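Below is one structure, written out as structure tokens; comments come after it.
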Protein chains: 2
Amino acid sequence: MSDAPATRRERLRLQTLEEIKRHALAQIAEGGTGALSLNAIGKAMGMSGPAIYRYFPSRDAVLEALVTDGYAALTAALESAAAAATRRAPARRVEALGVAYRDWAVAQPHLYGMLFGLRPTGYRDPDEAIAAVNGSMVVLLQAIGAVVGDREAPAPADHLDRELARWSAARGYGPEVDPRTLRLGVLAWTRLHGVVGLELAGVLADMELDPVLLIEAEVRSIVAAAGGS
Amino acid sequence: MSDAPATRRERLRLQTLEEIKRHALAQIAEGGTGALSLNAIGKAMGMSGPAIYRYFPSRDAVLEALVTDGYAALTAALESAAAAATRRAPARRVEALGVAYRDWAVAQPHLYGMLFGLRPTGYRDPDEAIAAVNGSMVVLLQAIGAVVGDREAPAPADHLDRELARWSAARGYGPEVDPRTLRLGVLAWTRLHGVVGLELAGVLADMELDPVLLIEAEVRSIVAAAGGS
DNA sequence: TAACTTCGTGATAGGTTCTCACGCATGAAG
DNA sequence: CTTCATGCGTGAGAACCTATCACGAAGTTA
């Protein structure tokens, strides 16, 4: 994760680099991505605007760095939640993950929006970021896999199952992740995102629906389909 | 819908107003909301930048107008899909709605993002827009209601059901919409949005998952829960 | 015909990102 | 210990943006 700080210069450079990202994140937290201004960051750090360009080639590069960091932070949050619930029943562990996912998103809505919201056309995550988001998926799959347990998979393979099998193989998950777990893992994610996304968009608030109840309902639907209590 | 054009002046004004929105939509379609420039719109229409301010008080007002129109367009698309499938089995009608929902979103991703993506903090839809999005919900509820049919609802009312009952009553849907339909309607929406949102974010593409298969799986999950085939 | 309303224009203020040439200070090599 | 190169920050400036303002030219009504 952290390379050797090597020379003193690099250490300082890394320090200001982190400080820039900290300020950028704070700006985004109140005001959205549009409120990010390299000029303002420079001023807040006590230096001029153009100085930032010594550290980031462009405004978009700053955003991209935040995205990559964000993926890692989300995965870390999920791992921590899974670790905290490791002694509880598998079904409860899945529920804890669902709640943790929403909590993380709600705590920093604009960052979540940068990760899973609309992107400028043509934008594609760097491989580094794709790998990071993959970590979240692994956590989910482990938890759901524990619920499924050793039950044999009676589901007749449909189109989706076949694609998922290919997908899992290509990803190196290997055949030890059974099809049902795979399917439920992906669906759990899209369902969680559906609720969280609409909550952050303010639609659920407009309708006066409680997002937590929806999250719980969706978690329960996944657990039930996995054969859990 | 359309008021009387009254005087000739108003007719012309409405015409340029529409033209502005057309150009705005085109700009957003390629480049996202950040690419919207009133200056550029004016230039494209053969007039100066500030002239636009005779029609919209601010840049955000243009975006807001697009949002309101967008809600209506989505509802219209769903209604049209429902009408086209009116002679088919109820389960098929729900499926048609799911596909239509995704099709509409994919056809104009940035507009969809403006409707259901992250908003600038503090932003809240005008009542007009909330009413418009409500229309989409009604279409969904009708289709799902047809699948549920006259089956009695055996579901033990949980938290979510109780909240939905209050919600439905407050909305004037009346008690004729049964709890199960209500619940499935909301869940159908969040599930569809989950898949579509991740697709538009490019996450599914990164993972090489086919969104259509996911949509079908989710529609089937709703239909199954409704008791349909 | 005269008065009034509406529309579009150019100028302008203040903001942004981003490039550039310059000077300073730090760390490294001889 | 001295010299030199590298990296860092600055201010000026180009090109863009939103938004406001005073002004003149239309079209509309009395």
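The values are calculated or read from the model by the stated rules, or taken from the named source; none is laboratory data. Everything numeric here is computed off the predicted structure, so don't read it as measured data. So basically every Cβ, Gly included, is an ideal-geometry build from the backbone, and we count neighbours across all protein chains shown. The area values use the complete protein model at the heavy-atom level, side chains included, leaving out ligands, DNA and RNA. Shrake-Rupley method; radii C 1.70, N 1.55, O 1.52, S 1.80 Å.
May I ask you to verify whether A:Ala72 is away from DNA strand D (no atom under 16 Å from the Cβ), more than 14 Å from chain B (Cβ to nearest Cβ) and over 13 Å from A:Met114 (Cβ atoms)?
yes
Out of the range A:40-61, which residues are without any contact (Cβ under 8 Å) to a residue 12 or more places away in the chain and either within 9 Å of DNA strand D (Cβ to nearest atom) or within 21 Å of A:Glu10 (Cβ to Cβ) (or both)?
Answer for the range A:40-61, where residues must be without any contact (Cβ under 8 Å) to a residue 12 or more places away in the chain and either within 9 Å of DNA strand D (Cβ to nearest atom) or within 21 Å of A:Glu10 (Cβ to Cβ) (or both): A:Gly42, A:Gly46, A:Met47, A:Ser48, A:Gly49, A:Pro50, A:Ala51, A:Arg54, A:Pro57, A:Ala61.
Going by the structure shown, is B:Arg22 within 13 Å of DNA strand D (Cβ to nearest atom) and not hydroxyl-bearing (Ser, Thr, Tyr)?
no
Would you mention how many residues in the range B:6-17 are open to solvent by less than 100 Å² (accessible area, probe 1.4 Å), over 18 Å from B:Arg59 (Cα atoms), within 10 Å of DNA strand C (Cβ to nearest atom) and of a type outside the set (Val, Ile, Thr)?
Result for the range B:6-17: 2.
Does B:Ala105 meet the test of being of a type in the set (Gly, Ala, Ser), touching a helix residue (DSSP H, G or I) at 6+ places or on another chain (Cβ under 7 Å) and open to solvent by 10 Å² or more (accessible area, probe 1.4 Å)?
In short, no.
For residues that are away from chain A (no Cβ under 14 Å) and surrounded by 15 or more Cβ atoms within 10 Å (Cβ to Cβ), scanning just the range B:18-36, find the one that is nearest to A:Leu118 (Cα to Cα).
B:Leu25
Would you mention how many residues in the range A:159-187 are within 10 Å of chain B (Cβ to nearest Cβ) and surrounded by 21 or more Cβ atoms within 10 Å (Cβ to Cβ)?
Of the residues in the range A:159-187, 5 are within 10 Å of chain B (Cβ to nearest Cβ) and surrounded by 21 or more Cβ atoms within 10 Å (Cβ to Cβ).
Can you tell me which of (1) buried (at least 20 other Cβ atoms within 10 Å of the Cβ); (2) within 20 Å of A:Gly185 (Cα to Cα); (3) within 11 Å of chain B (Cβ to nearest Cβ) is the one A:Ile130 doesn't meet?
For A:Ile130, the failing item is (1).
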